[in-house]
Amino acid sequence: MDLEVLVSKKGTKVVTATNLYQVLQLPKSQYLPTVRRWFKEVYEFKDGIRLPLHLQDYAKRHTENGVVDDYYISVELAKLITLNSTSKVKRKYANRLLSLEDKVENAELLTKEQVVAVLELAKVMGLISCQQASEKEHYRRFEKETGAPSTWWGHRADVLGYSTSKIKASLQEKGKQPKGKSQRELLFQIDKYETIRAGVIDLFLALGKTETYARNLGDLAKVFAKELGIEIWDDSKAPVAFTSNLNQELIHEIHNMHKGELLSLW
């Protein structure tokens with residue numbers, strides 16, 4: 001028997017607990033207590049050391065007979081479980097899962113629908129209100145998961161690859177005055193498309209994606225924004241007339257952090 005990798009309609013790759021348990025050649029009699037323990041262990045995920053999250057890292061799999069409890073497990077969690085197991089063949093399957101995980105993290109497995117959705121994201125992130133909503137939700141999730149809101153700006157600087165102080169220093173070197181401006185306003189003076197990248201990264205981290213995945217999609221959205229010549233508009237204070245040309249449903253999803261037709265692709 002080989003490890004079976006399933007692909008959802010959204011393009012997400014998962015394995016099942018029953019199949020993973022079998023290929024690792026673990027004792028049949030210990031299946032249920034072992035699998036339950038899998039979800040109670042602390043692992044070093046790409047987004048930090050934590051417990052597996054229900055509906056993000058694993059989910060109940062409904063089977064026809066319902067005799068054996070089964071679960072869908074993310075590729076990343078399956079790799080961590082495999083490395084943490086006592087299986088004599090764990091190296092083989094950990095390498096297989098690692099290769100799959102790398103492809104997912106490098107955004108090489110985006111579906112056609114997801115690519116189109118990133119293009120739409122690049123457009124709507126030209127609205128300051130969408131950037132602000134994504135940043136706010138990213139902060140809310142960070143605060144909830146870490147309980148350390150005071151470390152927020154340092155965390156976000158690490159994710160984006162720069163801090164406000166570095167941006168100010170860069171502007172000062174160019175003879176520009178950075179005082180009294182927000183980070184978004186500072187970025188606009190250096191590279192306005194970076195604000196779109198930051199907004200998309202905030203959005204995907206708010207949705208629970210890893211930092212690597214969020215950055216990759218942020219980079220892709222920035223490329224689209226440059227190619228399309230997207231303008232940045234501050235609609236947070238007053239409505240912008242041309243927004244009727246943008247995807248209104250996607251704007252609504254971002255403002256309310258609601259997974260509708262497009263955000264449900266992830």
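The values are calculated or read from the model by the stated rules, or taken from the named source; none is laboratory data. These numbers come from a predicted model, not from an experiment. Because the Cβ atoms are built from the backbone with ideal geometry, glycine has one as well, and the counts that use them run over all protein chains shown.
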### Number of the exception - residue 77 against (1) farther than 26 Å from residue 155 by Cβ; (2) buried (at least 18 other Cβ atoms within 10 Å of the Cβ)
(1)
### Task
Please verify whether the range 42-58 includes one or more residues that are at pLDDT 90 or above, among the hydroxyl-bearing types (Ser, Thr, Tyr), surrounded by 11 or more Cβ atoms within 10 Å (Cβ to Cβ) and farther than 17 Å from residue 90 by Cα.
yes
### Query
Do we find a residue being part of a helix (DSSP H, G or I) and modelled with pLDDT under 85 anywhere in the range 130-150?
yes
### Query
Across the range 19-29, what is the total count of residues that are in a helix (DSSP H, G or I) and surrounded by 17 or more Cβ atoms within 10 Å (Cβ to Cβ)?
4
### Message
Residue under question is residue 209, and the condition is that it be under 29 Å from residue 248 (Cα atoms), part of a loop (DSSP other than H, G, I, E, B) and touching a Phe, Trp or Tyr at 6+ places or on another chain (Cβ under 9 Å); does it hold?
### Response
yes
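To keep it simple, each residue is scored yes or no on (1) closer than 30 Å to residue 44 by Cβ; (2) within 18 Å of the chain's Cα centre (by Cα); (3) of a type in the set (A, V, I, L, M, F, W, C); (4) buried (at least 16 other Cβ atoms within 10 Å of the Cβ).
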residue	(1), (2), (3), (4)
165	yes, no, no, no
182	no, no, no, no
202	yes, yes, no, yes
209	yes, yes, no, yes
214	yes, yes, yes, yes
232	no, no, yes, yes
249	no, no, no, no
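Being of a type in the set (A, V, I, L, M, F, W, C) and touching a residue at least 24 places away in the same chain (Cβ under 8 Å) is the filter here, so list the residues in the range 40-67 that pass it.
Correct list: 45, 53.
Just name the residue that is surrounded by the most Cβ atoms within 10 Å (Cβ to Cβ) out of those in the range 123-163 that are of a type in the set (A, V, I, L, M, F, W, C) and within 13 Å of residue 187 (Cβ to Cβ).
Across the range 123-163, the extreme among qualifying residues is 125.
Which count do you get for residues in the range 155-172 that are more than 17 Å from residue 182 (Cβ to Cβ) and either part of a helix (DSSP H, G or I) or of a type in the set (Asp, Glu) (or both)?
3
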